[in-house]
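The structure under discussion appears below in the form of structure tokens.
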Amino acid sequence: MNSYISSSHRHDWQTRSRHRTSDGTVRYDRCRCGVWLVVTDQVERTPRVARMIFP
């Protein structure tokens, strides 16, 4: 998925939630290892922003 995210294993991302906001779309993906990935697509068509959240 995102090549700049490094890890000791290949994540198996599953979308748990997705919704629109006034700034664009936000998506919450979760790997079975417990790590969350928050992806935002902003309205101005700027590049995606992704953040990993570790348990």
- Message: Just to be sure I understand, how many residues within the stretch 7-34 are in contact with an Asp or Glu (Cβ under 9 Å, 6 or more places away or on another chain) and surrounded by 15 or more Cβ atoms within 10 Å (Cβ to Cβ)?
- Response: 6
- Query: Do we find that Val39 is modelled with pLDDT under 65, of a type in the set (Val, Ile, Thr) and touching a Ser or Thr at 6+ places or on another chain (Cβ under 9 Å) in this structure?
  - Reply: no
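The values are calculated or read from the model by the stated rules, or taken from the named source; none is laboratory data. Note that the structure is a prediction, hence the values are computed from the model and not measured. All Cβ positions, glycine included, derive from the backbone under ideal geometry; neighbour counts span all protein chains shown.
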